[in-house]
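Step one of this worksheet: look at the structure below.
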Amino acid sequence: MQCTVTKCLVKDCDRHAVARGLCFPCYQVARTSVLLGKTTWEELQKLGLSTRVKTRRIKNAFMSAYDEKKSERESEVQDTGM
């Protein structure tokens, strides 16, 4: 599988996109604007300032280790009857 790096959708921003086609700082500004009710993700998409959410999650090493430890912990709790 080939990894492609995409540029942030915001004009004059040269950072790499990490979420919804935006770099982290631009995403944070957009997210705050949405949370404050100034705009919506749909409006930002129509303006070309956001992409759809990608639902596929790539499991990294940390999340794999977390899931493993959580599963072990849940098994221990079940074994002790707590």
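Laboratory data are not the source of any read-out in this text; all were calculated from the coordinates shown. Keep in mind that this is a model prediction, so the values were computed, not measured. We place every Cβ from the backbone using ideal geometry, glycine too, and count neighbours over all the protein chains shown.
For the reader, a short list of remarks on this structure follows.
- Of residues in the stretch 13-41 being in a loop (DSSP other than H, G, I, E, B) and under 14 Å from Thr51 (Cα atoms), the one farthest from the chain's Cα centre (by Cα): Thr40
- Condition met for Arg15 (in contact with a strand residue (DSSP E or B) (Cβ under 8 Å, 6 or more places away or on another chain) and surrounded by 12 or more Cβ atoms within 10 Å (Cβ to Cβ)): yes
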